[in-house]
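Here the structure comes first, spelled out in structure tokens, and everything after it is commentary.
The values are calculated or read from the model by the stated rules, or taken from the named source; none is laboratory data. Since the model is a prediction, treat every value here as computed from it, not as a measurement. In this analysis, Cβ positions are derived from the backbone assuming ideal geometry, glycine residues included, and neighbour counts consider all displayed protein chains. Just so you know, the surface numbers come from the protein's heavy atoms only, side chains and all, with ligands and any DNA or RNA stripped out. Shrake-Rupley method; radii C 1.70, N 1.55, O 1.52, S 1.80 Å.
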Amino acid sequence: MVESQTIDVRKEAQASFRGIIERYTGDPQRHNAAAQLAHVTTAVFDGMANGTVPPPQCAQLEITNRCSSGCRMCRRFTWTQSKHYTPDRELSASRQIELLQELGGMGVRTVVFSGGEPLTHPELESLLEAARGAGLRLGVLTNGVGITAAKAEALAAHADWVRISIDNPPQQGGPGFKTVRRLLQPFKEEESSIAEAVQRSIRNLKTARAKHRHSGLQIGFAYTMQATNVSLIREMVAYASEQGVIVTFKFAHGTDAPFLCSERQLRWLWEEILSDESIVRNPFVNIRYLSEYVVRSLGMKDVARGTPTCTYYEHTPIRCFTPFAFSLIDAFGGVYVCCHWYDDNGPLISAQREEHRVGDVSQESFASAWTSARYQQVRRSLDPINVRTTPCSCCTRHWIPNTIMTQLYEDVYWPLVEGLGPNAARGVYGQLVNECSSEGPVWL
């Protein structure tokens with residue numbers, strides 16, 4: 001290739017790269033902007049080119065199946081009540097600590113603790129300390145019930161963020177709490193209400209963060225929009241602003257489930273909330289993200305059916321890069337590609353979960369599962385995503401990262417490979433990433 005052609009290839013790649021970076025500013029609460037995801041792609045794309053698999057960027061570890069609340073859109077609280085549930089099958093705290101050390105040692109950068117309800121784990125503080133000791137950046141997903149002063153201290157000392165799943169502004173205490181979520185025994189005897197428990201937890205977290213002056217703990221809410229609470233979005237925005245706490249709004253999913261928003265409710269949301277500039281510009285909420293991406297890309301009928309990305313994936317050839325950058329490990333040690341393949345809100349006995357398990361860290365190392373033939377087969381099968389043969393039509397967690405990484409691969413990386421050859425392409429692509437993107441923890 002003559003020098004002028006080489007220059008043209010580089011210029012076109014640079015223009016495409018910068019266009020993608022500028023177009024996808026992402027959700028600041030999810031850290032999924034193209035400028036942040038680009039750093040993840042360098043190792044992934046190089047691995048695809050030379051047949052190797054880099055370690056995942058992020059892992060989600062369900063540290064317990066026990067839960068303290070019963071949520072309308074989730075059946076996890078029924079697991080420990082099932083006759084099929086055997087608590088001895090859950091990974092011991094010592095095995096979980098070994099697992100965290102392995103993840104950190106192999107190059108995983110971020111880990112998310114979830115459940116069940118992670119706050120119910122009797123060795124929570126030890127696991128938090130172990131994660132930080134392994135060099136992992138740490139996030140915790142919780143329902144916000146039971147963050148005592150001691151647990152808040154441990155979270156402030158070791159975690160980067162805590163995201164409280166909340167389905168009603170706490171001061172409302174209205175229909176959302178009554179119909180979406182309820183306290184379970186024995187927690188019902190310890191707490192007067194979820195609303196009061198959440199507000200107490202927030203106070204404890206703020207106090208602990210102030211005490212640990214070097215703590216960067218970010219406190220946030222995750223608000224799952226559904227039929228009984230979507231009308232309270234304005235109140236939730238006001239509450240988040242008053243508290244100085246960010247809130248991530250997301251849609252409930254589950255095919256034709258009774259808790260889903262109706263098309264009438266979604267039309268109100270589209271017209272009244274997502275077009276309200278005072279809300280869209282509010283720095284404490286991700287409404288701009290919903291307005292820019294969800295409204296423009298996803299169909300209202302699909303969202304109302306609980307399969308928000310169905311038509312999008314049918315009409316847009318997107319490769320799923322999640323199996324290259326993320327992995328989920330459940331409390332029993334099962335390894336899964338993502339929460340949707342895992343059927344995380346489903347019953348304890350799930351044919352889908354059995355079908356899609358790709359490893360078991362109670363019997364093997366995570367590295368063995370991650371590099372297994374089974375995992376590799378899944379990676380190949382998702383190029384492109386086929387919503388008719390996978391559970392991917394429910395996924396709003398990974399669809400933007402997958403879209404970004406697909407465009408970076410097809411419009412930037414691969415044209416460089418074809419134009420310059422693999423070795424030169426890696427160098428030029430790495431230079432583009434270093435010049436135009438911002439490196440930092442990515443929570444997939």
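Remarks
- Cα-based shape type of the stretch 355-420, given that a ≥ b ≥ c are square roots of the gyration tensor eigenvalues and the cut on a/c is 1.5: oblate
- Long-range amide H partners of F251 with built H, under 5 Å: M225
- Residue range of the chain that is longest and free of trypsin sites (Lys or Arg not before Pro) which are both DSSP loop and sparsely packed (at most 14 other C-beta within 10 Å): 84-212
- Note, ³J(HN,Hα) from phi for the stretch 275-282, Karplus 6.51, -1.76, 1.60, rounded to Hz, x at Gly and Pro: 10, 8, 4, 5, 7, 4, 8, 5
- Surface per residue (accessible, 1.4 Å probe) for the stretch 197-328, Å²: 42
- Rolling a 1.4 angstrom probe over the protein heavy atoms with all chains in place gives the stretch 46-127 an accessible area of 40 Å² per residue.
- Whether the stretch 13-68 is rounded, prolate or oblate, judged on the alpha carbon gyration tensor where a/c under 1.5 counts as rounded: oblate
- Tensor-based shape of the chain (alpha-carbon gyration tensor, a/c under 1.5 rounded, otherwise prolate or oblate): prolate
- Net charge dipole size for the stretch 295-444 [Lys, Arg +1 and Asp, Glu -1 on Cβ; Debye, nearest 20]: 260
- Each residue, S82 and Q218, gets one label point 7 Å from its Cα in the Cβ direction; the gap between the two is 3.4 nm.
- Per residue, the accessible area of the stretch 329-426 comes to 38 Å², computed with a 1.4 Å probe over protein heavy atoms only.
- Split the accessible area of the chain by element, probe 1.4 Å, and carbon with sulfur accounts for 48%.
- At a Cβ-Cβ separation cutoff of 4.7 angstrom, cysteine residues of the chain with no neighbouring cysteine are C58, C67, C261, C310, C320, C338, C339, C392, C394, C395, C436.
- Long-range HN-HN contacts of G144 with modeled amide H, under 5 Å: S165
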